[in-house]
Amino acid sequence: MDWTLGIDRQRDALLRMVAALLVMAGDGGVLPRHVRTGIWRVLRPAEAAFRRLVVVVKVVLKIEVGVSVPRGPVSVIVSRSKDTARIPAFALFDARKSFKARSSVKGRKPVPRIRFFDEVQVFEPVVVISPDDAVSAAHLMRRLKALHLALGDVPKQARRLARWEAKRLSARAETGKYIAPMRPGKPPGHRDRGRHPVDFVLKDCHEMALYALHDPPDMVEESVS
C-alpha cells in the first residue's frame, strides 16, 4: 500500500470539507438551527476520520516517545491578539460510548390527574422549535477551527497522540485501565446508509487505521505532510 498517497488523499478531502463548513458557518456567532445541524452532521464524522488518519500517520512514521510527558491538558492558541478567541487542541481520542440505561419516560414524570370543579386550569404555551430559529454556534466553531488547525500539521498531531498514549500507558500500572484512541466498534458519526462524501472518507480512514494497527508498514514514509 502507498501510505503517503492514501494519507494525503484523505487529508486533502477533509481539508476541502472543512473549508466548505467554514464558509457555511460564517462568523460563527449565530446560525439558523438547520444550518448548524447540517454542519454538525458533517463535522462529527470528519473529526472521527481525522483521528483515524492521525493513528495511521503515527504508525507509518513509527513515532514513539518515552513516558516522561508534561502534565495537564495541552492547549493550542492560534493568536494572542484580543480579537482572536482561543482555539482548543483537537481531541485525539474518541468519546466513550455510554451504556447507561435510558428512561422510557420523556418529559415530565407521570402524576395522578386529579381535577376539581372549582379549579382554574392554566395551560402552558407549547414551544414550537423551528429550523429557522437563531441558535448559538460558538461551540461548533471552536470544534471546527480546532480540526482545521490540526489538519495543517498531521505529523504534529501524531506526535501529540504518541505522548498521550505514553502517558496513559504509564498510568495503566496504577489504575489498570487504558483507553485507546479509537473506541471499539463503529466510529463516531458512522452512518450505515450515508451518502455524503464524509461518510466515504470516514470508512476509508477507519479501514486504513485498522490495517495499519494490525499489519504495520515496514518502511517509514518521511514525505507525509
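Computed values, structure above
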{"quantity": "Within segment 176-225, considering residues that are in contact with a Ser or Thr (Cβ under 7 Å, 6 or more places away or on another chain) and surrounded by 15 or more Cβ atoms within 10 Å (Cβ to Cβ), the one modelled with the highest pLDDT", "calculated": "Val224"}
{"quantity": "Among the residues listed as Gly194, Gly189, the single one being touching a helix residue (DSSP H, G or I) at 6+ places or on another chain (Cβ under 6 Å) and either over 30 Å from Gly26 (Cβ atoms) or outside any helix (DSSP H, G or I) (or both)", "calculated": "Gly189"}
{"quantity": "Yes/no for Val69 being on the phi < 0 side of the Ramachandran plot, at pLDDT 80 or above and among the β-branched types (Val, Ile, Thr)", "calculated": "no"}
{"quantity": "Count of residues meeting criterion [of a type in the set (D, E, K, R), surrounded by 15 or more Cβ atoms within 10 Å (Cβ to Cβ) and out of contact with any Leu (no Cβ under 8 Å at 6 or more places or on another chain)] in segment 7-32", "calculated": "1"}
{"quantity": "Some residue of segment 121-136 being farther than 22 Å from Arg96 by Cα, at pLDDT below 85 and charged (D, E, K, R)", "calculated": "yes"}
{"quantity": "Of residues in segment 164-215 being of a type in the set (Ser, Thr, Tyr) and free of Cβ contacts under 8 Å to residues at least 60 places away in the same chain, the one farthest from Pro45 (Cα to Cα)", "calculated": "Thr175"}
{"quantity": "Yes/no for Lys167 being modelled with pLDDT under 90 and either assigned to a helix (DSSP H, G or I) or of a type in the set (Lys, Arg) (or both)", "calculated": "yes"}
{"quantity": "Per-region count, segment 1-16, residues aliphatic (A, V, I, L, M), more than 21 Å from the chain's Cα centre (by Cα) and within 13 Å of Val59 (Cβ to Cβ)", "calculated": "1"}
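For every residue, the table says whether it meets (1) in a helix (DSSP H, G or I); (2) basic (Lys, Arg); (3) surrounded by fewer than 14 Cβ atoms within 10 Å (Cβ to Cβ); (4) modelled with pLDDT under 90.
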{"site": "Ala91", "(1), (2), (3), (4)": "no, no, no, no"}
{"site": "Ala95", "(1), (2), (3), (4)": "no, no, yes, yes"}
{"site": "Ser98", "(1), (2), (3), (4)": "no, no, yes, yes"}
{"site": "Pro110", "(1), (2), (3), (4)": "no, no, yes, yes"}
{"site": "Phe116", "(1), (2), (3), (4)": "no, no, yes, yes"}
{"site": "Leu140", "(1), (2), (3), (4)": "yes, no, no, no"}
{"site": "Arg143", "(1), (2), (3), (4)": "yes, yes, no, no"}
{"site": "His148", "(1), (2), (3), (4)": "yes, no, no, no"}
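The values are calculated or read from the model by the stated rules, or taken from the named source; none is laboratory data. Computed from a prediction, not measured in an experiment: that's the story for all the values here. Please note: Cβ atoms are built from the backbone with ideal geometry, for glycine as well, and neighbour counts cover all protein chains shown.
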